[in-house]
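Below is a structure I'd like to ask you about.
The values are calculated or read from the model by the stated rules, or taken from the named source; none is laboratory data. None of the values given here were measured: they were computed from a predicted structure. Here the Cβ positions follow ideal geometry from the backbone for every residue, glycine too, while neighbour counts run over all protein chains shown. Accessible surface is based on the protein model in full, side chains and every heavy atom, while ligands, DNA and RNA are left aside. Shrake-Rupley method; radii C 1.70, N 1.55, O 1.52, S 1.80 Å.
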Amino acid sequence: MSTDADAVPVAVAPAKRPPINKYAFACALLASMNSVLLGYDISVMSGAQLFMKEDLKITDTQIEILAGIISIYSLLGSLMAGLTSDWLGRRYTMVLAAAIFFTGALLMGLAPNYAFLMAGRFVAGIGVGYALMIAPVYTAEVAPTSSRGFLTTFPEVFNNFGILLGYVSNFAFARLPVHLSWRAMFLVGAVPPVFLGFAVLAMPESPRWLVMRGRIEDARRVLLRTSDSPEEAEERLLDIKKVVGIPADATDADDVVAIVRANEAARGQGVWKELLINPSRPVRRMLVAGLGLMFIQQATGVDCVVMYSPRVFEKAGMKSRTNSLGASMAVGACKTFFIPIATLLLDRVGRRPLLLASGGGMAIFLFTLATSLLMLDRRPESEAKALGAVSIAAMLSFVASFASGLGPVAWVYCSEIYPLRLRAQAAAIGTGLNRLMGGATTMSFLSLSEAITIAGSFYLYACVAAAGWVFMYFFLPETMGQSLEDTGKLFGKDMDVDDADDGAVVRHERKRSTELITQQ
């Protein structure tokens, strides 16, 4: 993407950061544990499907719908979580998410038939949507500026840990009778939400939510504990007030609540029009970058590898169901153990290098996986063992490449590029596209493999990954070293005009809020 070099600030290496704030670290850790449940619910299906197909006599088409529909249901959960988090607060929304996960696990584990399983999958999908939305929001609102990038990757880290636990559960219960094995896999998922629901109650509420409820002093106390210095805490409090349109000297709870309500009503008008109907050139570039990245992340078929890894391993020569489930744990291990690479390097080498290295590796390893699976069908059995080993190595390398770049960095990147007035709605669109693509790939994988073979499916994903690398190279500027206010300038020099308009809108909203309070 070409931009005016004089107008775009050059990304510089950040100054030496202070030590990680331990209290903020603990808060982000607890909040992100919701994502363990998310990853578990997705990956446990990979092994459970083998047994429920035999037990309930259901078809591959029913299996792929059951596996992928959770991503579609999660869209509803994300929308509901946005409303709930503003009504009950971020903390109690996480408690509610744990309760939903608990209910979904019970329904799936005790399901007597396919229809009951779909009902349980629906409830679990709502829980996935809640966790997907609330964990990053809470973490970003609590984290100090110096470690925002590091702590914001925690939900993805724990999501991958949950995926690993799902595979472990598959392997652990595989030797039970068929009618009990898949039920045990789901029912175990009902245990962690009980402990998590109580643990979350020990966390503080989000300072931004406290300010929006007029609880300025409570917000200040939280910020003093989660900031690197008292001065930063006061700066963050002033920034929160500015974001929601509250004058810096406003302290009375009733006045603050009235101002927030008036500003929310004014700010909600015109945002969707500016995003979807008449976006400015910088906003169009941001949408292309953000939505393109969300599309690429799922269109490369990573969820298919997670969901159907036992079938791919069987295709690669592992005929024993127990062995293929055991090998699937290596997929979860790769996703879990390689993601810290992105977490540790994100604020050191930048977003672009990690994304490009990850995308290039994914394309290469997908092509290798597809080629080795194709050759397995055309070579004598004496060569099958070596080709099977190549297939397994390529599959694990693909997962490692995804986990060390595109997986976590895409979420961080998309949280940085949008201007404040559009951030929530643009992020919602990106999350929706991401979940739709995740559902589309997992719900079509078995049918696609039957039509063009498993090798053909992975050739298709390899082409998407290669096209994605070209897209990232030309359309994604580096955001490391930029403040959230300055990243918008990377997408066009006229962004300054938009920012000026934003200031005028905020001043107008404050004037309007004062008039409303006076009238009251």
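If you find the alpha carbon centre of region 343-387 and of region 447-471, how far apart are they in angstrom?
Computed from Cα coordinates, the inter-centre distance equals 12 Å.
Could you give me the ³J(HN,Hα) list for region 43-51, computed from phi with Karplus coefficients 6.51, -1.76, 1.60 and θ = phi - 60°, whole Hz, x at Gly and Pro?
So the J values, rounded to whole Hz, are 7, 4, 5, 4, x, 4, 4, 5, 8.
Among the trypsin sites (Lys or Arg not before Pro) in region 340-414, which ones are in a DSSP loop with at most 13 other Cβ atoms within 10 Å of the Cβ? Mind listing them?
Filter output for region 340-414: Arg348, Arg378.
Cα centroids of region 55-123 and region 182-207: how far apart, whole angstrom?
Distance between centres, Cα-based: 15 Å.
Here is a further query. Let me make sure I get this right: for region 75-115, a, b and c are the square roots of the gyration tensor eigenvalues over alpha carbons, sorted descending. Under 1.5 in a/c it's rounded, otherwise prolate if a/b > b/c, else oblate. Which is it?
The shape class here is oblate.
If I stretch the segment between Asn278 and Asn113 completely, what's the gain in nm (0.36 nm per residue apart, minus their alpha carbon distance), one decimal?
The span from Asn278 to Asn113 would gain 54.5 nm if fully extended.
Here's another thing I want to ask about it. So if R0 is 60 Å, what FRET efficiency would Ser447 and Glu235 give, r being the distance between their Cβ atoms, rounded to the nearest 0.05?
The formula returns an efficiency of 0.65 here.
Taking K and R as +1 and D and E as -1, what net charge do the other residues with C-beta under 14 Å from the C-beta of Gly359 add up to?
The answer is +2.
Leaving out ligands, DNA and RNA, and with a 1.4 Å probe, what % of the accessible surface on region 43-160 is carbon or sulfur?
Carbon and sulfur: 73 percent of the exposed surface of region 43-160.
From the square roots a ≥ b ≥ c of the eigenvalues of the alpha-carbon gyration tensor of region 25-114, which class results: rounded (a/c under 1.5), prolate (a/b over b/c), or oblate?
prolate
Next question, about the same structure. So with the 1.4 Å probe, I'd like the accessible area per residue for region 412-483, rounded to whole Å².
Here the residues of region 412-483 average 37 Å² of exposed surface.
Quick check: pseudo-label points 7 Å beyond the Cα along Cα→Cβ at Ala140 and Leu201, how many nm apart are they?
3.0
Further, regarding this structure: For the ranges 229-236, 297-304, 96-103, what's the packing order if you count other beta-carbon atoms within 10 Å of each residue, average per peptide, and put the highest first?
Packing proxy ranking, top to bottom: 297-304, 96-103, 229-236.
Using only the alpha carbons of region 84-154, what is the convex hull's orientation-averaged projected area in square nanometres?
Average of the hull's projected areas for region 84-154 equals 5.2 nm².
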